[in-house]
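Worksheet: one structure, shown below.
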Amino acid sequence: MAIIEYTLDENVAIVTMNDGENRFNLAFLEYFLTVLDEVENNTDANSLIVTSSHEKIFCNGIDLDWLAPFIQKNDTETTKTFLYTMMRLFKRILIYPMPTIAAISGHVFAGGAIMSCAFDFRFMRSDRGFFSFPEVDLGIPFLPGMIAIIEKAIPMYKFEEMQYTGKRATA
């Protein structure tokens, strides 16, 4: 099973993230971008749904275990490449040439929550999962582009509450 795969249901592309907690590292991000290109350029899809095969988690954001060694070694090239690639994925979803839907099947944290804000629509199970920006607890700042993406989906007063407190929301 690929880390990200898609199927077609008539003209609806259903992209499924299959990489456990679906944490962002370069391989995951590049694979995701490749799948989005494949759906756009080689199918008759006219809408896109993204979901997760994990029973409890949609996406847990940045793979800190993967990224931390690069930061500790002061490997700014890899760190910058990672951040640019992550932002490229967010932008790609944001301007995708068909309606996009995040079918949030469980927890969505940090970068995963930011990614979900890039979709045109977000639907979350009411019986499972939290939506959260735990960056305040991790000491990770939001980049201006991330804030712009979040503002498109969440009212500023609610985002500020979640940003400053790390408060978790449910569906």
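Worth pointing out:
- In the range 13-30, the residues that are buried (at least 17 other Cβ atoms within 10 Å of the Cβ) and not small (Gly, Ala, Ser): 14, 15, 16, 17, 19, 21, 22, 23, 24, 25, 28, 29
- Inter-residue pairs, beta-carbon under 8 Å, first farther than 20 Å from residue 129 by Cβ and in the range 142-171, second part of a helix (DSSP H, G or I) and polar (S, T, N, Q), 6+ apart: 142/163
- Residue within the range 156-169 that is under 20 Å from residue 31 (Cβ atoms) and either at pLDDT below 90 or of a type in the set (Lys, Arg) (or both) present: no
- For the range 123-153, the candidate set comprises residues that are among the aromatic types (Phe, Trp, Tyr) and in a loop (DSSP other than H, G, I, E, B); within that set, the residue that is surrounded by the most Cβ atoms within 10 Å (Cβ to Cβ) is 133.
- Applying the criterion of being closer than 17 Å to residue 101 by Cα and basic (Lys, Arg) to the residues of the range 116-155, the residue that is modelled with the highest pLDDT is 122.
- Of the residues in the range 130-139, at least one is within 22 Å of residue 26 (Cα to Cα) and more than 17 Å from the chain's Cα centre (by Cα).
- Residue count for the range 87-103, restricted to those that are of a type in the set (Val, Ile, Thr) and either over 23 Å from residue 57 (Cβ atoms) or within 10 Å of the chain's Cα centre (by Cα) (or both): 2.
- Of the candidates 13, 27, 45, the single residue that is over 24 Å from residue 133 (Cβ atoms), out of contact with any Lys or Arg (no Cβ under 9 Å at 6 or more places or on another chain) and in a loop (DSSP other than H, G, I, E, B) is 45.
- Beta carbons closer than 9 Å, at least 6 apart along the sequence or on distinct chains, never pair a first residue in the range 75-90 that is within 12 Å of residue 111 (Cα to Cα) with a second that is acidic (Asp, Glu) and not in a helix (DSSP H, G or I).
- Pairing each residue of the range 1-26 that is on the phi > 0 side of the Ramachandran plot and modelled with pLDDT under 95 with any residue that is basic (Lys, Arg) and part of a loop (DSSP other than H, G, I, E, B), provided the two are 6+ apart or on different chains, yields no C-beta distance under 6 Å.
- Number of positions in the range 95-116 that are touching a helix residue (DSSP H, G or I) at 6+ places or on another chain (Cβ under 8 Å), under 17 Å from residue 17 (Cα atoms) and not small (Gly, Ala, Ser): 5
The values are calculated or read from the model by the stated rules, or taken from the named source; none is laboratory data. Computed from a prediction, not measured in an experiment: that's the story for all the values here. Note that we place each Cβ from the backbone using ideal geometry, even for glycine, and neighbour counts take in every protein chain shown.
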